[in-house]
Amino acid sequence: MAKVVKFGGSSLASAEQFKKVGDIIRSDAERRYVVPSAPGRRFKKDSKVTDMLYACYDLAEAGREFREELSAIEARYQEIIAGLELSLSLDEEFGTIERNFREKAGRDYAASRGEYLNGIIMAAYLGFEFVDAAEAVLFDEDGSFNGERTNRALSARLAECRCAVVPGFYGAKPDGTVKTFSRGGSDITGSIVAKAVHADVYENWTDVSGILVADPGIIDNPKGIDIVTYRELRELAYMGFNVMHEDAIFPVRQEGIPINIRNTNSPEDNGTWIVASTCQKSKYVITGIAGKKGFCCVNIEKDKMNSEVGFGRKVLQAFEESEISFEHVPSGIDTMTVFVHQDEFIHKEQKVAASLYRLAKPDSIEIESDLALIAVVGRGMKATRGTAGRIFSALSHVNVNVKMIDQGSSELNIIIGVTNDDFETAIKAIYDIFVLTKL
């Protein structure tokens, strides 16, 4: 039995937090593989170590002196080491970092050192073996992650270790150059390690007790989600849920390994389970609500559009020619609407409009801006009648005009378009009718 445990930056920001993490790991002998992030903020106006490393390297790259900034980073780690009462020195590592900064080793290298150093401390604190991610998390020469080679290399390397610490966020190209995942990529490393060791569970420890039904910035004290499927989480993550990196789902999903989101500061909480499939019903008809602002829609009208073969292809070609991806394309008998990101579209709108007239020859085109999309997601919706009707009723009650509604064939989610101004009001209304009143 083996568990992979990944801890976020807030969980490892100080010696006090490290001790909490140590207690969690030691409380369960199955927690054998640890993936640490770089130290996060200790208090509200504090800096994350990754940000400090970026700022320090920017000075080095510009040919300016950076020793003072690097010393401040060293002091952060020394504070943790002293608080843990470890006989550990990072002098050699910081000497190497300084040389590589002066030789301009790259921003990826600079950013990766936060996890690298925290991994060394974590391994020393736990008495686990330290495995540098650059040894076995492999990227191709073009910078793309190579999952197959990584799984083989990491499986072989970790088979030698009873217990190990593997720093998150980075790996290396064939020539040894350090390459990082996108921000938040330690989640991906944890998932990769879980796949490599055939873990029973991948625990992702953070500063919240699991996933919440809605954004706490919009809803006061939203309810938590006990269990969510990979598919549901993908839909929610796509529309703005920011619990873990969405690419972290794929490696464990392929192996059927469940993810458990836990709270380092409240380890007794069960958190949220992310699973491939479940017979357990959610507390509510919906599982979660998520959304994003900043969209616009292009409404294309043409008589008898539905009987014209290739009309949709011509419309989408106009967007493709301007390198604009679309979000949703609801359509009617004589109308077709394309939702796109406003910031991508606004500078190319006239070029797209001209292409539409040239390719599709519509009767008219109308562009509407400042729209938001809201995803209402839940496996329970498939077995519940009238879900869309309840949504319309809730929004009508608070005078929110629905610009678009689109439901996928899986019946797993419903996408609603509203104005940016109505975004928060709409989410509160949907949350109220499905969660607070449980209609």
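The values are calculated or read from the model by the stated rules, or taken from the named source; none is laboratory data. Quantities reported herein were computed from a predicted structural model and do not represent experimental measurements. Here the Cβ is made from the backbone with ideal geometry for all residues, glycine too, and neighbour counts use every protein chain on show. Protein only, heavy atoms only, side chains kept; ligands, DNA and RNA dropped before computing areas. Shrake-Rupley method; radii C 1.70, N 1.55, O 1.52, S 1.80 Å.
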Pair list, Cβ under 9 Å, 6 or more apart: the range 115-144 residue under 14 Å from Ser186 (Cα atoms) and touching a residue at least 24 places away in the same chain (Cβ under 8 Å), other residue open to solvent by 30 Å² or more (accessible area, probe 1.4 Å) and among the hydroxyl-bearing types (Ser, Thr, Tyr): Asp132/Tyr116; Ala133/Tyr116; Ala134/Tyr116
Residues that are surrounded by fewer than 21 Cβ atoms within 10 Å (Cβ to Cβ) and either touching a Ser or Thr at 6+ places or on another chain (Cβ under 8 Å) or part of a loop (DSSP other than H, G, I, E, B) (or both), drawn from the range 248-261: Ile249, Phe250, Gly256, Pro258, Asn260
Close pairs (8 angstrom Cβ cut-off, 6 or more residues apart or separate chains): more than 16 Å from Leu86 (Cα to Cα) and at pLDDT 95 or above in the range 18-33, in a strand (DSSP E or B) and among the basic types (Lys, Arg) anywhere: Ile24/Arg31; Ile25/Arg31; Asp28/Lys3; Glu30/Lys3; Arg31/Lys3; Arg32/Lys3; Tyr33/Lys3
Breaking point among (1) under 14 Å from the mean Cα position of the chain (by Cα); (2) surrounded by fewer than 21 Cβ atoms within 10 Å (Cβ to Cβ); (3) more than 30 Å from Thr335 (Cβ to Cβ), for Asn204: (2)
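Looking only at the range 381-439, how many residues end up being in a helix (DSSP H, G or I), open to solvent by less than 50 Å² (accessible area, probe 1.4 Å) and of a type outside the set (Val, Ile, Thr)?
Number of matching residues: 12.
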Test: residue in the range 216-223 that is open to solvent by 10 Å² or more (accessible area, probe 1.4 Å) and under 24 Å from Gly22 (Cβ atoms): no
Residue count, the range 347-380 (criterion: exposed (fewer than 14 other Cβ atoms within 10 Å of the Cβ), in contact with an Asp or Glu (Cβ under 9 Å, 6 or more places away or on another chain) and part of a loop (DSSP other than H, G, I, E, B)): 1
Single residue of Gly184, Gly168 found to be open to solvent by less than 50 Å² (accessible area, probe 1.4 Å) and at positive phi: Gly184
Some residue of the range 67-80 being closer than 18 Å to Thr50 by Cβ and outside any helix (DSSP H, G or I): no
Residues that are under 8 Å from the mean Cα position of the chain (by Cα) and either within 13 Å of Gly190 (Cβ to Cβ) or not aromatic (Phe, Trp, Tyr) (or both), drawn from the range 232-254: Ala237, Asn242, Val243, Met244, His245, Glu246, Asp247, Ala248
Among (1) among the polar types (S, T, N, Q); (2) open to solvent by less than 20 Å² (accessible area, probe 1.4 Å); (3) over 22 Å from Val49 (Cβ atoms); (4) in contact with a Gly (Cβ under 9 Å, 6 or more places away or on another chain) - the single one Ser209 does not satisfy: (2)
Residue in the range 262-292 that is least open to solvent (accessible area, probe 1.4 Å), counting only those that are under 17 Å from the mean Cα position of the chain (by Cα) and of a type in the set (D, E, K, R): Arg262
